[in-house]
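Input: a single structure, listed below in structure tokens.
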Amino acid sequence: MGARVLLIGIVSICLLSGGDHAQAQSATDASEALPAIEVTAPTTGAKPARNRTASRAGRNLRRVFVYPTGPTPTPGSGIDVDKVPSSINAVGAAQIQRTGSLNIADALQQQVPGIVISEVTGNPFQPDIQFRGFVASPVAGTPQGLAVYQNGVRVNEAFGDTVNWDLIPTAAIRSVTVVTNNPAFGLNALGGAVNVQMKDGFNYRGAEIDTMGGSFGRIQSSAQWGKQVDNFAVYGALEGLHDGGFRNFSASDVRRFYGDVGYRNDNSEFHLNMGVADNKFGAAATVPAELLQQYYGATYTTPQTTANRVGYLNLTGKVEATPNWTIEGSAHARMFDQKAVDGNPTETRPCAADPTQLCFNNDATPANGLDGAQLANPFDPNAVLGQIDRTTTRSTTTGASLQATNTDQLFGHNNHFMVGASVDSSVTRFSASAELGTIGTNYVVGGNGIFLGQSGDPVSIGPVSLRTTNQYTGVYALDTFDVTNAFSITGGGRFNHARIVLEDQIGTALNGNQTFDRFNPIIGGTYKISSGLTAYAGYSEANRAPTPLELGCADPANPCIIAAFLVSDPPLKQVVSRTLEAGLRGSRELEIGTLSWKLGAFRTKNTDDILAIPSPALQGFGYFQNVGSTRRQGIEAQVNLTSKELQFYASYALVDARFLDAPQVGSNSPFADANGNVQILPGNQIPAIPRHRVKLGIDYSITDALKIGGDALFVGSQYLVGDESNQAQLLPSYTVFNAHASYKIDKTFQIYARADNLLDSRYATYGRFFDIGALPNFANGGAAFTDARSLSPARPRAFYAGLKVAF
């Protein structure tokens with residue numbers, strides 16, 4: 001049994017505890033790792049009622065690590081990790097704190113082989129997290145292929161399924177698991193689900209204050225406190241951050257709070273947790289390569305700002321109804337508010353026949369005001385025109401879930417059965433407007449108070465006021481049956497029902513009512529070859545419904561400014577993924593520590609995949625389109641070596657993502673045809689998905705007080721977005737080295753320092769094409785741009801130092 005504990009503990013890093021005797025993390029605990037759990041496990045396989053007063057010596061106990069099998073709100077709900085027919089990916093509080101970052105994406109990129117992050121927005125606190133070629137992004141219009149849960153509540157936002165990572169308080173995270181090959185996590189789990197579990201006063205006790213500052217005006221601080229009194233516990237975490245950013249107009253301000261009040265007794269546990277956040281970002285976005293070559297902190301068009309606010313309340317409960325039946329449930333409410341301001345070039349220009357009037361998209365079609373009348377031209381003849389697009393998104397989501405778990409034996413064999421259901425309803429009010437203005441030589445758009453009404457032929461821009469309703473219902477069941485002590489099989493599935501209603505608040509063009517239904521199955525198995533080696537294999541399906549944003553912008557003849565101006569559109573089909581996954585994982589005790597490893601392969605085929613397509617007719621506009629089938633396949637390998645003095649990890653992931661059909665799509669690529677289209681051929685690689693990812697990290701304790709460490713990341717080359725035909729130059733690969741050190745003065749005080757991008761590498765994590773004729777190159781005397789590449793540069797070398805105080 002000891003070998004089994006070592007295997008799971010190292011491979012999974014640290015997993016959620018589900019038994020009575022899980023030790024609480026202490027603020028002064030040097031390891032800060034989640035412990036193994038001990039559960040009552042008689043040899044008969046029955047599960048007796050809990051008894052907290054009984055002594056450990058009087059029980060038959062075994063140590064078990066559990067892995068989530070569904071979006072349950074309470075920790076410890078799942079199955080023995082040895083029986084999970086998929087890859088194991090878990091990150092604990094110690095790994096998160098190791099990064100010294102208030103951004104959970106940094107820890108996920110370090111510890112999960114298949115994850116890379118890119119800064120599409122140009123801001124490190126609003127990253128795209130990409131896993132196996134599927135993305136969870138804060139950028140509206142990005143096809144979202146990952147479901148994200150916080151304490152069992154889905155946090156993909158209602159309007160575009162976006163994920164605002166900045167709203168999750170990092171200090172309060174207990175663990176994160178990246179679950180694959182499991183449809184129980186519902187919509188958007190095409191590539192998997194990111195399952196975040198938060199701390200509470202039962203598993204965190206003590207107090208800690210952590211303050212750090214450094215390059216680019218960074219100052220951040222977090223405080224957390226947890227306490228248990230008899231059957232009650234309370235926990236709270238507060239975070240604040242300011243970062244000036246290394247690019248123009250890219251400052252960030254983050255303020256977050258999370259709290260939990262809990263109660264538990266011998267056979268039940270209840271929690272009320274809540275959170276608020278108020279964050280503001282300068283999202284500098286991509287910048288033309290020609291500007292970047294002259295100044296690494298350049299921006300293209302500004303302002304580009306985002307303000308996110310959220311407030312949520314969750315009530316969760318878990319009751320052992322009988323020794324073998326456990327009932328869990330939750331009820332939640334979430335309010336999300338986002339305001340975005342985006343300066344852009346404009347298709348508005350003086351009319352050819354009468355320069356005192358304004359036209360849109362060409363020299364003859366009138367540009368109208370809010371009253372429907374053609375706008376007079378108030379601008380200087382030499383002015384470069386632009387527009388400031390403003391959007392507001394307000395969503396209110398309520399929902400509930402209920403799950404029952406049974407551990408009765410079946411035909412004399414151990415069996416774990418789970419059945420559950422969830423209901424979520426969201427109402428979103430979305431509005432957009434466009435203010436005309438002029439663009440200065442610093443690419444700052446200054447508004448002049450004139451707003452565009454419905455303009456263009458076909459109508460392509462104008463004020464938007466839309467009310468949407470999302471109703472998502474899911475019913476799922478999974479069963480894991482032990483055929484033998486070594487061989488377990490898992491089967492089940494989930495039925496998803498999605499109803500999306502669009503109600504135009506100005507006219508009727510955006511009205512729509514669509515329903516999407518699908519049952520997604522799962523089947524898999526594990527075989528424990530020896531005490532230190534397990535094989536697994538599984539097959540599953542998942543789906544995602546088109547979002548209200550996608551449904552409101554799906555007609556090539558009526559393109560929109562993505563995430564801003566919606567028009568009447570044809571229906572889109574839901575995306576369906578089919579995943580096959582297999583691999584091995586194991587561990588072995590060595591003289592220098594415990595060695596653990598995993599090796600796996602996956603293959604996912606999407607049908608009716610949805611992409612955001614640039615319009616060949618209107619620069620800066622686009623639409624969403626089903627592009628047929630795509631495939632993502634690859635391998636993942638990871639090794640860990642852990643001892644008291646040394647922690648080492650290394651991983652490699654290959655992700656091969658390709659189109660399987662031959663659609664023609666719009667593009668700003670210099671290789672586009674005369675109509676602004678590129679032809680995709682079967683086998684073309686999907687842009688923005690690097691094939692290779694290599695990660696290394698080490699921490700060494702020179703003494704009990706002094707620790708040093710470092711990590712390295714290599715990400716392979718990738719095609720730019722818009723180069724679906726694979727004809728242009730690739731975005732180059734990059735390698736980044738980081739280092740850190742800490743010294744524990746005593747049990748209370750610790751100082752630490754870190755250096756990011758130690759070699760000051762200059763590279764981009766994301767790239768796309770832009771319209772080189774939209775604006776002049778002011779940095780080159782107003783000449784025309786000649787390079788169509790627009791890149792998102794990564795942060796240069798940075799140094800930080802901090803102080804941690806634990807009580």
- Query: Quick one: in the range 439-449, which of the residues that are buried (at least 16 other Cβ atoms within 10 Å of the Cβ) and of a type in the set (Val, Ile, Thr) is farthest from residue 397 (Cα to Cα)?
  - Reply: 439
- Query: Does residue 228 meet the test of being out of contact with any His (no Cβ under 7 Å at 6 or more places or on another chain) and over 25 Å from residue 807 (Cβ atoms)?
  - Reply: no
- Query: Which of the residues belonging to the range 510-521 are in a strand (DSSP E or B), open to solvent by 10 Å² or more (accessible area, probe 1.4 Å) and either touching a Ser or Thr at 6+ places or on another chain (Cβ under 8 Å) or closer than 16 Å to residue 478 by Cα (or both)?
  - Reply: 519, 521
- Message: Condition check: open to solvent by less than 40 Å² (accessible area, probe 1.4 Å), within 29 Å of residue 631 (Cβ to Cβ) and either at pLDDT below 95 or of a type in the set (D, E, K, R) (or both). Does residue 643 satisfy that?
- Response: no
- Message: Which residue is surrounded by the fewest Cβ atoms within 10 Å (Cβ to Cβ), if the candidates are limited to the range 351-386 and must be assigned to a strand (DSSP E or B) and of a type outside the set (A, V, I, L, M)?
- Response: 357
- Note on the structure: Across (1) of a type outside the set (Ser, Thr, Tyr); (2) in a strand (DSSP E or B); (3) modelled with pLDDT under 95, residue 493 clears everything bar (3)
- Within the group 504, 517, 482, which residue is in contact with a His (Cβ under 7 Å, 6 or more places away or on another chain) and either in contact (Cβ under 8 Å) with a residue 60 or more places away in the chain or farther than 20 Å from residue 183 by Cβ (or both)? 482
- Kindly indicate whether any position in the range 208-217 is surrounded by fewer than 22 Cβ atoms within 10 Å (Cβ to Cβ), of a type in the set (Gly, Ala, Ser) and part of a strand (DSSP E or B). yes
- Message: Suppose we filter 756, 771, 746 for residues that are charged (D, E, K, R) and under 30 Å from residue 437 (Cβ atoms); which single one remains?
- Response: 771
- Pick from 116, 148, 179: which is within 29 Å of residue 233 (Cβ to Cβ), among the β-branched types (Val, Ile, Thr) and modelled with pLDDT of 95 or more? 148
- Here are some conditions: (1) in contact (Cβ under 8 Å) with a residue 60 or more places away in the chain; (2) surrounded by fewer than 17 Cβ atoms within 10 Å (Cβ to Cβ); (3) part of a strand (DSSP E or B). Residue 700 meets all but one. Which one does it not meet? (1)
- Residues 479, 424, 457: which one is in a loop (DSSP other than H, G, I, E, B) and either of a type outside the set (Ser, Thr, Tyr) or open to solvent by 10 Å² or more (accessible area, probe 1.4 Å) (or both)? 457
- Residues of the range 758-771 being within 29 Å of residue 101 (Cβ to Cβ) and surrounded by fewer than 20 Cβ atoms within 10 Å (Cβ to Cβ), which ones? 758, 759, 760, 761, 762, 763
- Return the only residue of 728, 662, 672, 688 being surrounded by fewer than 16 Cβ atoms within 10 Å (Cβ to Cβ), in a loop (DSSP other than H, G, I, E, B) and of a type in the set (Gly, Ala, Ser). 662
- In the range 772-786, what residues are surrounded by 15 or more Cβ atoms within 10 Å (Cβ to Cβ) and either within 16 Å of residue 440 (Cβ to Cβ) or out of contact with any strand residue (DSSP E or B) (no Cβ under 7 Å at 6 or more places or on another chain) (or both)? 772, 774, 775, 776, 777, 778, 779
- Item | Criterion (open to solvent by less than 60 Å² (accessible area, probe 1.4 Å) and within 19 Å of residue 107 (Cβ to Cβ)) met by exactly one of 716, 683, 709 | 709
- Task: Under 7 Å between Cβ atoms, at least 6 apart or on separate chains: pull out the pairs that start in the range 197-221 with a residue that is farther than 16 Å from residue 257 by Cα and end on any residue that is open to solvent by 40 Å² or more (accessible area, probe 1.4 Å) and not in a strand (DSSP E or B).
- Result: 206/28; 206/807
- Considering (1) free of Cβ contacts under 8 Å to residues at least 40 places away in the same chain; (2) within 30 Å of residue 258 (Cα to Cα), say which one residue 353 fails and leave the rest. (2)
- Would you mind stating whether residue 341 is open to solvent by 30 Å² or more (accessible area, probe 1.4 Å) and farther than 28 Å from residue 430 by Cα? no
- Note on the structure: residue 549 fails exactly one of (1) hydrophobic (A, V, I, L, M, F, W, C); (2) touching a residue at least 40 places away in the same chain (Cβ under 8 Å); (3) part of a strand (DSSP E or B), namely (3)
- Mind counting the residues in the range 482-509 that are open to solvent by less than 40 Å² (accessible area, probe 1.4 Å), among the hydrophobic types (A, V, I, L, M, F, W, C) and over 26 Å from residue 424 (Cα atoms)? 1
- Note on the structure: Residue hits (the range 87-132; touching a residue at least 40 places away in the same chain (Cβ under 8 Å), part of a loop (DSSP other than H, G, I, E, B), in contact with a helix residue (DSSP H, G or I) (Cβ under 8 Å, 6 or more places away or on another chain) and within 18 Å of residue 169 (Cα to Cα)) are 101, 102, 103, 125, 126
- Message: Anything in the range 256-266 that is out of contact with any Pro (no Cβ under 9 Å at 6 or more places or on another chain) and either crowded, with 16+ Cβ neighbours inside 10 Å or hydroxyl-bearing (Ser, Thr, Tyr) (or both)? List them, or say none.
- Response: 259, 260, 261, 262, 263, 264
- Inspect all residues belonging to the range 287-296 and state whether any of them is part of a strand (DSSP E or B), over 18 Å from residue 788 (Cβ atoms) and either open to solvent by 30 Å² or more (accessible area, probe 1.4 Å) or out of contact with any Ser or Thr (no Cβ under 7 Å at 6 or more places or on another chain) (or both). no
- Output for the range 522-539, where each listed residue is buried (at least 17 other Cβ atoms within 10 Å of the Cβ), in contact with an Asp or Glu (Cβ under 9 Å, 6 or more places away or on another chain) and at pLDDT 95 or above: 522, 524, 526, 528, 534, 536, 537, 538
- Note on the structure: residue 389 passes all but one of the listed conditions (1) touching a Leu at 6+ places or on another chain (Cβ under 8 Å); (2) in a strand (DSSP E or B); the exception is number (1)
- Note on the structure: Every listed condition ((1) under 25 Å from the mean Cα position of the chain (by Cα); (2) at pLDDT 95 or above) holds for residue 750 save (1)
- Determine if the range 629-638 includes at least one residue that is under 30 Å from residue 549 (Cβ atoms), open to solvent by 40 Å² or more (accessible area, probe 1.4 Å) and over 27 Å from the mean Cα position of the chain (by Cα). no
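The values are calculated or read from the model by the stated rules, or taken from the named source; none is laboratory data. Keep in mind the model is a prediction, meaning the values are calculated, not measured. Reconstructed Cβ throughout: ideal geometry from the backbone, glycine too, with neighbour counts over all protein chains shown. Remember, those area values only see protein heavy atoms, side chains included, never the ligands or the DNA or RNA. Shrake-Rupley method; radii C 1.70, N 1.55, O 1.52, S 1.80 Å.
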